[in-house]
């Protein structure tokens, strides 16, 4: 028995893996498309659980959690929901996708993506400190306030609270992962807010909001 999906207000992700944008990042960090959506996929013996999370540019008025489905394993809609999407699967999700032969986009490496965000915060902080060191005491800059990133995630046990049962754990695992991705994206949005509020900092990486420095495998 399937449940109706939430409305998705963002354009689909392009098919294929991440692009390289060495002109903006300078290090060849993979860059996602502006309307990219990642599909979190988990599975039980009878159902497939899918959560879509938008990881591209934020859209005013819309959240990043943009679609949710709990479907029977033989539902013919599953392939279309996963095709071309960046993928974050659990082990059960990997087994289901492989068994069905579904062609998806590249798997998103959550830990490396978190590391990329962390590294960029450190880089921007170093830029601030160098700039501040050049100024006299009366011209010192206000320090940026950087977000606290979510802790590293274990996709098999993503929740931080204690579930009442193994059944509840399976039911909520995909949602917990989607919420973690949403939290990381929110942190990146804060990083960009801080960067763009400082002309001397935004001049280094450009005046436009940068996409999440996602890393795919």
Q: From the list 14, 9, pick out the single residue that is within 19 Å of residue 217 (Cα to Cα), at pLDDT below 90 and assigned to a loop (DSSP other than H, G, I, E, B).
A: 14
Q. Does residue 48 meet the test of being surrounded by 16 or more Cβ atoms within 10 Å (Cβ to Cβ), modelled with pLDDT of 95 or more and either within 20 Å of the chain's Cα centre (by Cα) or within 19 Å of residue 156 (Cβ to Cβ) (or both)?
A. yes
Q) Assuming residue 135 fulfils every condition listed in (1) more than 30 Å from residue 92 (Cβ to Cβ); (2) out of contact with any helix residue (DSSP H, G or I) (no Cβ under 9 Å at 6 or more places or on another chain); (3) at pLDDT 95 or above apart from one, which condition is it? A) (3)
Q) Say we look at the range 32-45 and pick out the residues that are within 21 Å of residue 186 (Cα to Cα) and in a loop (DSSP other than H, G, I, E, B); which of these is modelled with the lowest pLDDT? A) 32
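Consider residue 123 carefully, then state whether it is in a helix (DSSP H, G or I) and either crowded, with 17+ Cβ neighbours inside 10 Å or modelled with pLDDT under 95 (or both).
Values: in a helix (DSSP H, G or I): yes; either crowded, with 17+ Cβ neighbours inside 10 Å or modelled with pLDDT under 95 (or both): no.
So residue 123 fails the test.
Among the listed residues 76, 132, identify the single one that is surrounded by fewer than 15 Cβ atoms within 10 Å (Cβ to Cβ), free of Cβ contacts under 8 Å to residues at least 60 places away in the same chain and farther than 25 Å from residue 194 by Cβ. Even if it seems obvious, please write down each step before you answer.
Numbers: 132 fails: farther than 25 Å from residue 194 by Cβ.
Answer to the selection: 76.
The values are calculated or read from the model by the stated rules, or taken from the named source; none is laboratory data. In this text, all values refer to a predicted model and were calculated from it rather than measured experimentally. Quick reminder, even Gly has a Cβ in these numbers, built from the backbone with ideal geometry, and neighbours come from all protein chains shown.
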